[in-house]
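The values are calculated or read from the model by the stated rules, or taken from the named source; none is laboratory data. The structure displayed is predicted, hence computed values, not measured ones. Cβ placement follows ideal geometry from the backbone for every residue including glycine, while neighbour counts extend to all protein chains displayed.
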Amino acid sequence: MEITTPLPLLGGLSAAQFMRRHWQKKPLLVRQAVPDMVPPIDRSALFALAEREEVESRLIRHGKTGWSLKHGPLPRRSLPSLKQAAWTLLVQGVDLHHEGIHALLRQFSFLPDARLDDLMISYASDGGGVGAHFDSYDVFLLQAQGRRRWSIGKQGDLRLQPDVPLKILERFEPEQSFVLEPGDMLYLPPRYAHDGVAVGGDCMTFSIGLRSPSAGELGADLLARIAQAHADELEDAGPSAAVRYRDPAQPAVEAPGAMPAALQAFARKAVEMALRDPDAIDRALGESLTEPKASTWFDDGAEAPDELHAVRLDRRTRMLYDARHLYINGESFRAGGADATLMRRLADRRALGPRELAKASDDALSLLAEWCEAGWLHAE
């Protein structure tokens, strides 16, 4: 993606300027970030998504008795009347289920795909919202339909209201307020408090969220993946490769509860063996970041044609790369040379044309055919 060209999406800033001036530093309000905005998805299609088992959805209501939260699937009859005030429907990961929304999300490709999470849609009646809160990640709030008033503040007190099913700030301290019209967008850095309330009905807001894993969560996931990969490697090597603890020089002990130092040393060496591969952490990270969400699955694709002329990644496919590997949907492949260049282009552009495929090796074409049949990409 060209990162030095001014973009309407970023208020005339280039992607490079936005990242230097605003990214994780300060908010940015952009009027008409998407000029003449028409939502790629209409209300009825959004409500239909909320009915599906594999789509994460939530219904939030606010009234005299306080806040209520209901998780989907949400049949249409379970939603309040459009004329009823102060309710919100949240539908997560709409980009995985709708091509138009996926295409809109790709406008944010000036950010690493490893950081982009998904696009959530909030549909609200008049007065609807989810309360004053903060996110631990960056968020772009794009007004797609109707109007919404946003109040924001660089909150110091992050305490939450007790006994509420939502994470709502106990003492919200707004510093600025804006009403967003269709096509307007607000960027907020992590932990910037905000409260969005629909002004009038039929309000639809797109939230482009970023991944921001905690060190604890990420570390635990990577260690589990590395351990499993090491166990698989030992199993493939067979019984002869198994190294078991032995202590022929162990003397009799008077303190049986004391841990043998030799056993501790053996345990440390076992862990070091699992980490001896210098690529182990990078490989585990790539597999983790491309792992499809639990609710995502692929239908078997069509049989690949005898000759591939053009291919494009399925909207649900996650594909990344580093200097030595390709990662796609939780799997890793060693890659080098011209084929690696080709596959990196596929990851960046999510498509390859005839001229590019003409340069692919037989091994690369065979791999692409396998991915076609798995439904990970599509021949065109």
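Here is the figure for region 181-206: residues that are within 22 Å of the chain's Cα centre (by Cα) and either over 12 Å from Gln143 (Cα atoms) or not assigned by TED's automatic domain parsing to the domain that holds Lys167 (or both) total 7. Checked against (1) over 26 Å from the mean Cα position of the chain (by Cα); (2) more than 19 Å from Ala45 (Cβ to Cβ), Leu82 passes all but condition (2). Selection of region 73-89 for residues being under 16 Å from Val130 (Cα atoms) and either outside the structural domain of Asp42 (by TED's automatic domain parsing) or buried (at least 20 other Cβ atoms within 10 Å of the Cβ) (or both) yields Trp87, Thr88, Leu89.
Of the residues in region 75-133, how many are more than 16 Å from Gly146 (Cβ to Cβ), polar (S, T, N, Q) and touching a residue at least 40 places away in the same chain (Cβ under 8 Å)? Adding up the residues that qualify gives 2.
Number of residues in region 256-309 that are charged (D, E, K, R) and under 27 Å from the mean Cα position of the chain (by Cα): the value is 8.
If you check Leu59, Leu96, Leu142, Leu119 for being touching a His at 6+ places or on another chain (Cβ under 9 Å) and closer than 22 Å to Pro8 by Cβ, only one passes: Leu119.
Within the set Leu49, Leu69, the sole residue that is of a type in the set (A, V, I, L, M, F, W, C), in contact (Cβ under 8 Å) with a residue 24 or more places away in the chain, in the same structural domain as Gly153 (by TED's automatic domain parsing) and surrounded by fewer than 16 Cβ atoms within 10 Å (Cβ to Cβ) turns out to be Leu69. Of the strands (runs of 3 or more DSSP E) lying entirely inside region 55-125, those containing at least 2 residues that are within 17 Å of Val139 (Cα to Cα) are 87-91, 116-124. Listed here are the strands (runs of 3 or more DSSP E) enclosed by region 278-380 that have at least 2 residues being among the aliphatic types (A, V, I, L, M) and surrounded by 16 or more Cβ atoms within 10 Å (Cβ to Cβ): 311-313, 319-321, 325-328, 377-379.
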